[in-house]
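Remarks on the structure that follows.
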Amino acid sequence: MSAEKSNIKNSNESPEASGEIGIESTTTKPEMRYGKKEAIMNWLSDFSLVDRTLVERANDLVDKSGIEKYINKDGLYLDIGAGKGHIPELLEYKMAENGGKGRVFGIDLADKPTKKVQERAREKRDMGSTVKSKDKNAAGFMFGEAQYLPIADKSLDGVTFFFSSHYLDDSNMNKAFEEAKRVIKEGGHILIVEDIPETKEERENNAEFDKKVNWLDEEIEYNYKSKEEWKQYLEEQGLEIVEESFFEEKTKQGVVKHASYVLRLKE
């Protein structure tokens, strides 16, 4: 990737957040996938009932994944495939709850934080200040690809993937993990929460559930891995499993099996 390091200030397009992380301007321009359908879904997600459901689901997933204890309360993180922003929002809330000032930025190609998420982020920034922020991107979001992260080398304490890697084919998944390894500091973590279907039927059920929940096109392809396939893949990527946990979610399509992996680079 050809890139030129810069100190871009916070804007609607770049959540560099007043110099908190090193942003790189890259010649690789992502193919945006945020269209009319995605905008409608984002708008609907601002309704109180939907927003509350998304907040509760984020809480449930983070609690069951067990990754919270690996989050440095003053650290800098990037959530890849951040969607409507509820996972980064929750992780930042937990950092602040523990007395920290860390940030969790988000990147996605086909979604962005809802207005409610951005409003809550501005309120959080405004605490203790008499001047109200007009920052339209207080949540620290950028449109971009996992394969070409516009982040400087060794800038982050960790990178998270919450149900986002299964949208990448093998080639792009490899690139995404290379990028994740590039941007984390020494001793940093890569945190993954993913579906782990073991059979063809489970893969089909997972895909059906995902398409309905996220209003996705029928022709979308999934790259699911089983528990054993993940272990083999992470070994090939030179990543050590620090901790792993497994949990299930009941849906109308059946039981969906999930895995959580806390990873670090092998020495």
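Within segment 62-104, the set of residues being in contact with a Phe, Trp or Tyr (Cβ under 6 Å, 6 or more places away or on another chain) and closer than 20 Å to ALA146 by Cα comprises LEU78, ILE80, ILE87, VAL104. In segment 238-267, what residues are surrounded by fewer than 16 Cβ atoms within 10 Å (Cβ to Cβ), modelled with pLDDT of 95 or more and farther than 18 Å from ILE184 by Cβ? The answer is SER245, PHE246.
Each residue in segment 102-138 was checked for being in contact with an Asp or Glu (Cβ under 7 Å, 6 or more places away or on another chain) and part of a loop (DSSP other than H, G, I, E, B), and 7 pass.
Restricting attention to segment 164-207, the residues being outside any helix (DSSP H, G or I) and either within 16 Å of the chain's Cα centre (by Cα) or in contact (Cβ under 8 Å) with a residue 12 or more places away in the chain (or both) number 18. Please tell me if LEU90 is surrounded by fewer than 23 Cβ atoms within 10 Å (Cβ to Cβ), over 21 Å from ASP210 (Cα atoms), without any contact (Cβ under 8 Å) to a residue 60 or more places away in the chain and under 18 Å from the mean Cα position of the chain (by Cα). When the stated conditions are applied, LEU90 passes them. Among (1) on the phi > 0 side of the Ramachandran plot; (2) in a strand (DSSP E or B); (3) crowded, with 21+ Cβ neighbours inside 10 Å, there is one condition GLY83 misses while meeting the rest; what is its number? (2) is the only condition that GLY83 fails.
When we screen ARG103, ARG122, ARG182 for residues that are out of contact with any Ser or Thr (no Cβ under 7 Å at 6 or more places or on another chain), surrounded by 15 or more Cβ atoms within 10 Å (Cβ to Cβ) and farther than 20 Å from GLY66 by Cα, the only hit is ARG182.
Of all residues in segment 31-43, those satisfying the criterion of being exposed (fewer than 14 other Cβ atoms within 10 Å of the Cβ), part of a helix (DSSP H, G or I) and modelled with pLDDT under 95 are LYS36, LYS37, ALA39, ILE40.
For segment 146-163, residues that are of a type in the set (Asp, Glu) and either in a strand (DSSP E or B) or at pLDDT below 95 (or both) total 1. Pairs linking a residue in segment 46-69 that is among the β-branched types (Val, Ile, Thr) to a residue that is not in a helix (DSSP H, G or I), with Cβ atoms under 7 Å and 6 or more positions apart or on different chains, are ILE67/LEU191; ILE67/SER260; ILE67/VAL262.
Which one is surrounded by the fewest Cβ atoms within 10 Å (Cβ to Cβ), of the residues in segment 208-237 that are acidic (Asp, Glu) and part of a loop (DSSP other than H, G, I, E, B)? This residue is GLU219.
The values are calculated or read from the model by the stated rules, or taken from the named source; none is laboratory data. No experiment lies behind these values; they were computed from the predicted model shown. Glycine also receives a Cβ, built like all others from the backbone with ideal geometry; neighbour counts cover every protein chain displayed.
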